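Read-outs: derived from the displayed coordinates by stated rules, not from any lab. As the structure is a prediction and not an experimental result, all values here were calculated from the model. Counting neighbours? That spans all protein chains shown, and the Cβs are built from the backbone with ideal geometry, glycine included.
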């Protein structure tokens, strides 16, 4: 028996006996409970109980051929689709799970994302978590280095459709040749101020609810989501201070 296949099935939540039954059924294509019991040296009660659980979890189906009940394993491609669907469901529900966790646990925690789409995790978390407004420090050209501009335009439109406002502190010397969707204010529920010219940033920092999202440069190719009410509060206060002394005009 392929140990890698067995290990993967165990990782999906099956116990070893049920994983072995699924693989035995897969090797036969279809089989009766008696045939599977003989293959694995299991008793009648054990094989039927396990087949019932496998059927409930979608690993096996059964059909009647005359008086015989035949068990058919779920095709591996269908199993793959099932897992992918579960992953998508979990991705959609993850903010709700984290909200429950955060409500019961006051300890900070960090999510680390890496790879070409790591920045998107922060932006999706902003949409899922923010209630009214978020604030951020970010040179716009850094955003365009870490996410596809077309994807970002679509994200901005989704933000606006949800009525989420934002305030942005930007770098004067780096706020040139930026598409209108990233600089227009009223239409995109955005306010912009500019930090002094001697200030520079190598990452984008977003503060929303009790979260901080940090997106590094494209060179580092990483993003972080930090849950910390105290840190979020402190960074928000720093933002408000800088907002108060920053200029409205880029000139």
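Quick notes
- Part-to-part distance (alpha-carbon centres) for the stretch 192-213 and the stretch 50-92, which is given in Å: 48 Å
- Whether the stretch 104-245 is rounded, prolate or oblate, judged on the alpha carbon gyration tensor where a/c under 1.5 counts as rounded: rounded
- For the chain, the longest principal axis of the alpha carbon atoms and the long axis of helix 229-245 meet at an angle near 30°.
- Considering only 27, 234, 204, the Gaussian network model of the chain with Cα springs below 10 Å gives its largest mean-square fluctuation to 27.
- Distance (nanometres) between label positions extended 7 Å along Cα→Cβ at residue 38 and residue 144: 7.1 nm
- Residues residue 248 and residue 200, FRET efficiency given R0 of 22 Å [Cβ-Cβ distance, rounded to 0.05]: 0.60
- Each residue, residue 240 and residue 91, gets one label point 7 Å from its Cα in the Cβ direction; the gap between the two is 3.6 nm.
- Efficiency of FRET from Cβ geometry, residue 63 and residue 220, R₀ 51 Å, rounded to 0.05: 0.40
- Given (1) 1, 5, 11, 13, 13, 10, 7, 6, 6, 7, 6, 6, 4, 3, 2, 1, 0, 0; (2) 1, 7, 15, 19, 21, 18, 12, 5, 2, 0, 0; (3) 1, 6, 13, 17, 19, 17, 13, 9, 4, 1, 0, 0, the label whose value is P(r) over Cα pairs in 5 Å bins from 0, in percent derived from this model: (1)
- Relative to the longest principal axis of the Cα atoms of the chain, helix 16-28 runs at roughly 70 degrees.
- Relative to the longest principal axis of the Cα atoms of the chain, the long axis of helix 118-129 lies at roughly 90 degrees.
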